[in-house]
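We did not get these values from a lab; they are worked out from the coordinates using the rules stated. Not measured: the values here are computed from a predicted model. Every residue, glycine among them, receives a Cβ derived from its backbone with ideal geometry; neighbour counts consider all protein chains shown.
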Amino acid sequence: MAAKRILLIIGGGIAAYKSIELLRLLRKSGHEVRCVLTRAGEQFVTPMTLAALSENKVHTSLFDLKDEVEMGHIQLSREADLVVVAPATADLMAKMAQGLADDLATTLLLATDKPVLAAPAMNVRMWLHPATQRNVATLRGDGVTVMEPDVGEMACGEFGPGRLPEPEAIHDAIVEALRTATPLPLPALAGQPDFAPSRRRPLYGRRILITAGPTHEPIDPVRYIANRSSGKQGFAIAAAAAEAGADVLLIAGPVSLPTPPGVIRVDVESAREMAEEVADGLPVDAAIMVAAVADWRAADTSAQKIKKDGSGKVPPLALTENPDILAGLAEHPKRPALLVGFAAETNDVLDHAKAKRVRKGCDWIVANDVSADPMGGENNRVHIVSHDGVDSWKRLPKEAVARKLMEKIADELDRRIPPETD
């Protein structure tokens with residue numbers, strides 16, 4: 001199964017420790033996991049443990065101003081492919097069933113339009129209580145998948161149903177839920193059939209592949225050929241694509257940048273590794289090739305560090321061409337409907353960009369002049385070169401360039417591949 005985005009909500013109770021093993025299994029399967037820890041859950045597992053295993057920030061408070069500025073709880077509730085509640089305590093399921101929203105976890109659950117899976121964990125008498133059974137029936141009627149708890153000895157010494165299913169069993173249930181996932185049924189408002197907010201996002205349901213950063217081509221174990229690409233523009237584009245609702249695969253060269261929320265990231269070093277990951281990532285609706293791939297690599301890589309011999313002579317360095325990832329993708333049997341290349345130029349920007357678009361066989365070239373503002377800057381002035389002409393934009397922050405580019409790509413994809421309608 002392709003890597004998915006999972007929002008894991010961890011409730012209170014001694015069984016919360018099993019969520020750590022569940023998180024490990026999900027990461028081992030290649031899924032991206034974001035964790036939400038309730039106040040009761042913090043009594044049993046720590047945010048630091050979950051952050052270390054998930055490699056993502058752990059969210060605990062509804063009133064975190066920094067989180068609201070950067071992401072917002074509404075976006076957090078809808079960017080995942082599946083929401084998992086494990087352990088789902090009696091209290092948490094009661095709030096879910098009644099639509100209460102008095103903390104971050106319950107607010108996310110009420111705001112989400114994504115499938116929800118709950119793995120119960122509580123005392124046997126709490127599980128068998130009529131109120132809990134009513135809540136479970138309500139949740140299932142609302143479309144939530146509620147697992148049956150395991151039967152066994154409780155931490156309190158009692159025996160019966162109520163134990164949290166083993167992490168392997170929850171993992172298997174998640175795999176099945178992802179395979180058959182359908183959004184939670186949400187009623188349409190009068191005159192607004194597209195009420196579900198995710199369906200209003202311009203790239204909802206699209207799959208986008210993005211490359212970013214430089215490549216490092218080894219000469220010997222300590223030296224390599226590279227360029228000055230920071231990866232900032234490519235990462236900004238990946239973040240904007242995810243915000244617009246796309247499923248985003250980011251193939252990144254060696255950069256020290258955090259993974260944007262909702263983005264699946266694959267790290268590579270060399271051009272040949274990047275070419276392989278791009279091919280493995282197909283099919284996609286659009287590919288945006290932002291990476292500054294090294295044109296050449298050493299023909300022969302030394303297994304040992306090349307040493308000076310005292311003669312003053314520079315050792316010869318024979319170069320060979322790297323694979324042309326953009327041109328190869330243009331000729332691939334699974335060519336994306338929209339193929340976008342990038343061109344960082346120091347002179348005759350538009351002339352070089354127009355020639356590159358034809359030579360590479362792509363639909364658009366996004367060109368920018370790096371002679372005055374070197375790679376790694378915070379702003380960009382780009383020109384979109386296509387068959388129809390040139391669309392020149394004023395200098396903008398890279399995040400603004402990314403959002404504007406996503407709007408243009410969404411319009412173009414709607415023209416080339418009309419979105420499915422219900």
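Here the chain carries DSSP beta bridges of which approximately 35% are antiparallel, counting only pairs with both residues inside. Around the amide H of S230, modelled in the peptide plane, lie the amide H atoms of G376, all under 5 Å away and 5 or more residues distant in sequence or on another chain.
Mean residue ellipticity, 222 nm, helices only, the chain: the sum of -39500 (n - 2.57) across DSSP H runs of n ≥ 4, divided by residue count and rounded to 500, is -9500 deg cm²/dmol.
Of the residues R357, R403, the one with the fewest other Cβ atoms within 10 Å heads the list, and the complete ranking is R403, R357.
Averaging 1/r over each pair of different alpha-carbon atoms in the chain and inverting the result gives 23.8 Å, the Kirkwood hydrodynamic radius. Where both partners of a DSSP beta bridge lie in region 5-179, what percent of those bridges are antiparallel, to the nearest 5? The antiparallel proportion sits near 20 percent.
What's log10 of I(q)/I(0) for region 296-346 at q = 0.28, 0.32 Å⁻¹, Debye sum over Cα points only, no solvent? Computed log10 I(q)/I(0) values: -1.12, -1.22. Scalar couplings 3J(HN,Hα) for region 106-123, obtained by applying the Karplus form with A = 6.51, B = -1.76, C = 1.60 to θ = phi - 60°, are 6, 5, 4, 5, 6, 8, 6, 10, 9, x, 10, 10, 10, 10, x, 7, 5, 4 Hz; x denotes Gly and Pro. Over all projection directions, the Cα-based convex hull of region 5-179 averages an area of 9.1 nm². Backbone geometry of region 22-33 corresponds, through the Karplus equation with coefficients 6.51, -1.76 and 1.60 at θ = phi - 60°, to 3J(HN,Hα) couplings of 4, 4, 4, 5, 5, 5, 4, 7, x, 7, 8, 10 Hz, x marking Gly and Pro.
Each residue of region 401-407 was assigned a 3J(HN,Hα) from its phi angle through the Karplus expression (A = 6.51, B = -1.76, C = 1.60, θ = phi - 60°), giving 4, 4, 5, 5, 5, 5, 4 Hz with x at Gly and Pro. Kindly flag which residue pairs out of K305/K360; K356/K394; K232/K356; K232/K394; K305/K356 have an alpha-carbon separation exceeding 25 Å in this structure. Those over the limit are K305/K360; K305/K356. Put simply, the amide H of V84, placed in the peptide plane, has neighbours under 5 Å in L7, L8, I9, L117, leaving out anything fewer than 5 places away on its chain. Between I208, I225, I306, which gets the highest mean-square fluctuation from a Gaussian network model of the chain, Cα cutoff 10 Å? The residue with the greatest mean-square fluctuation here is I306.
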